[in-house]
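In what follows, a single structure is set out as structure tokens and then discussed.
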There are 2 protein chains.
Amino acid sequence: MALIVKKFGGSSVATPEKIKQVAKRVLRDKQAGDQVVVVVSAMGDTTDDLLALVEQITTAMPLREMDMLLATGEQVTIALLAAAFAELGQAAQSFTGAQAGICTNKNHTKARILSVDPTRVRDALSEGKIAVVAGFQGITAEGEITTLGRGGSDTTAVALAGAMKADVCEIFTDVKGIYSADPRIVPEARMMKEVTYSEMLEMARLGAGVMQPRAVELGERGDVVIHVRSTFCEECGTMIRRDYTMQEKEFIIRGVAHDANVAKVAVLGVPDQPGIAYKIFSRMADANIDVDMIVQSVRSSEQNIIDLVFTVSKPELSRTVALVGQLKDEMGFLGVQVDENVAKISVVGAGMLGNPGIAATMFGALAEAGINIGVISTSEISISCLIPADRVKEAANVIHKRFFAEEK
Amino acid sequence: MALIVKKFGGSSVATPEKIKQVAKRVLRDKQAGDQVVVVVSAMGDTTDDLLALVEQITTAMPLREMDMLLATGEQVTIALLAAAFAELGQAAQSFTGAQAGICTNKNHTKARILSVDPTRVRDALSEGKIAVVAGFQGITAEGEITTLGRGGSDTTAVALAGAMKADVCEIFTDVKGIYSADPRIVPEARMMKEVTYSEMLEMARLGAGVMQPRAVELGERGDVVIHVRSTFCEECGTMIRRDYTMQEKEFIIRGVAHDANVAKVAVLGVPDQPGIAYKIFSRMADANIDVDMIVQSVRSSEQNIIDLVFTVSKPELSRTVALVGQLKDEMGFLGVQVDENVAKISVVGAGMLGNPGIAATMFGALAEAGINIGVISTSEISISCLIPADRVKEAANVIHKRFFAEEK
């Protein structure tokens, strides 16, 4: 007997017909004795429809009221899905986020789960019911309805699975699983049977977007085995867990990620004094701008000046330039250069640490293709390079080929 | 400084544009220092739209899930209305039934309010906010979402007004107020400035449907002055309270009600023994059939048999006949006659008790018009007659003319 949490997103429950299919699919998969919790999102376009109503009323929706509004979306789905189970002769009970014990902080529209008290969900399961839980929503200690932001239903599913010590948390998507690269860019990308939490997090950080980092973090914390599955292909899917269990670990590199949404900023001729980097980057942090790759280079040791190069996401570029500009007189640097025609290409793999040749292999692949490398940055389990934006597809392919060549 | 609860129904909040109008109207009416609670229903066709989704999934929606589903309707409205206030510069806060402390029993889809704890609503008011409360919904002690059935938003508004000791509960409708008769039937019907709770309840019981009896009962219990107001006409409206305060009380009769949805059943030739009426009517009660007017008449004192005549609502007629038929052998009566071509016409007035001529006046008006009276029944504040269905309009008019003739 297993306890399984299954999550279906908005496109899987977009119509009453699809909701009935989800109910059938869940019952077909269910082994005798299995306990099943189903977490669902709002039906298809519901959120857009609700936002269209908002637009007619205000351009400054209070965030608390936004959550009050959006939380209705999942509440509709859970009632209908519970009814679909009942229609198939399977007892089921729906739960709002509050009823499922999803307690969050007060940060409306992107609240974080603080704790999960699944008592009522457990009670329903022990009565032989399937529990149908509204994803994406929670409740504060004060009884305020909150939502969890993008990918919130994944987060609900993983958090519940963790709190209930579920055997597995299955995230159904319309892709087959997690790939070694974006298959739209790299046709040879292969589906990974397993990845680790840290690889998954690193890939998300580097721009590959299958699962929300928050859900993966919760999975890691609660030791939840996350199975990213396809709605269409029963055999496909990727397991996300703490460590590899299969032979597949021979591939030290688990993924090639790319991110075209970056811009490079170079602050040139900065006097080389202690606290210079702090001055710039604390100002950026205060303005809530995420700085990604940072490289400090000595321009001229005689003049005692350095260049500071870093990347930000493209939408933050103009704010960044304005902010850095304000520091020019104060800090006495020479100038600022920006470059929007860049992209970041990264390789990720938890086994990288003990394998010193990875960086050389990556740089070699790029060099052979004549692709110039700008900034380089590394983490424990990744290496990233800034390259010209128009070469990103080519770069992803040559790197992927180099690392996954053994694959037949 | 007054505390005012205002309720707007689904047609008043059917579109974002109308929601904005409600917000403006509330702010225009609001005196400096007034505290305002607005109770709203689901937007226009929302409930129908949700039921259409249900129809595609099941014909036997579990009632708990029905409440889970329908409660989303008001939740959408409150978020949008709170946003509309904010857009006008007025701080506002929305409340689900649960957040407003509307505690009910577990009778899903027609739950009764057991208690109201308006602490959070009061807090919002004392912070200078307008409180926007979802009508029609509540929560059980176990945290289950319930709905209150037809007219539930009126019930929420009156219950909240009672618990908060509001100065008045304003129910906005698309009629001008409460009339002495249905204006579609009796063109001379006049709007009443005041009626009592008991008159209102009696009129509802007798088929006049402006306000749900449950809301009026709660008003009576909590001594809430209910102001039935028009969305379109600011001066119009009727006060429902315990006693009259105005000269208008000179009219002993406050309303002429009619109900065409009745059928007459005559059980003929019943042996006149103790317990006979009990046997029939307890069987009806077990089957949840409401029996209205009951008359027992002696057919023949020599044969010691009687006739029992009563009315039920038309949709219950066939069940009633089947039920009574089962008793025929057991009770040994002669036969059953039914008549669907009847209607009930009633006069209602709290001052009726001390005025013995009312019944005679009513019967006189009907006699003059040549309208035959079948069954007659009376309560403390009403007299009802069964008449031929095709004469109901005429009857309402002649009776109304007789009692309200003094009116210019």
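The values are calculated or read from the model by the stated rules, or taken from the named source; none is laboratory data. Remember, it's a predicted structure, so these values are computed and weren't measured experimentally. Cβ: placed from backbone, ideal geometry, glycine included. Neighbour counts: every protein chain shown.
Observations on the model:
- Restricting attention to region B:377-404 and to residues that are among the β-branched types (Val, Ile, Thr) and touching a helix residue (DSSP H, G or I) at 6+ places or on another chain (Cβ under 8 Å), the residue that is surrounded by the most Cβ atoms within 10 Å (Cβ to Cβ) turns out to be B:399.
- Some residue of region B:6-27 being under 14 Å from residue B:131 (Cβ atoms) and at the interface with chain A (Cβ under 8 Å from one of its Cβ atoms): no
- Scope region A:240-289; condition part of a loop (DSSP other than H, G, I, E, B), modelled with pLDDT under 90 and of a type in the set (Gly, Ala, Ser); matching residues: A:275, A:287
- Residue in region B:130-151 that is modelled with pLDDT under 95 and crowded, with 19+ Cβ neighbours inside 10 Å present: yes
- Residue count for region B:74-96, restricted to those that are more than 8 Å from chain A (Cβ to nearest Cβ) and among the small types (Gly, Ala, Ser): 3
- Among the candidates B:71, B:52, B:60, residue that is surrounded by fewer than 16 Cβ atoms within 10 Å (Cβ to Cβ), within 8 Å of chain A (Cβ to nearest Cβ) and closer than 24 Å to residue A:23 by Cα: B:60
- Listed by position, the helices (runs of 4 or more DSSP H) enclosed by region B:1-92 that each have at least 1 residues that are in the same structural domain as residue B:140 (by TED's automatic domain parsing) and at pLDDT below 95 are B:16-29, B:46-55.
- Applying the set (1) more than 16 Å from residue A:163 (Cα to Cα); (2) more than 8 Å from chain B (Cβ to nearest Cβ); (3) part of a strand (DSSP E or B) to residue A:128 leaves exactly one unmet item: (3).
- Condition check for residue B:367: touching a residue at least 24 places away in the same chain (Cβ under 8 Å) and in the same structural domain as residue B:261 (by TED's automatic domain parsing): no
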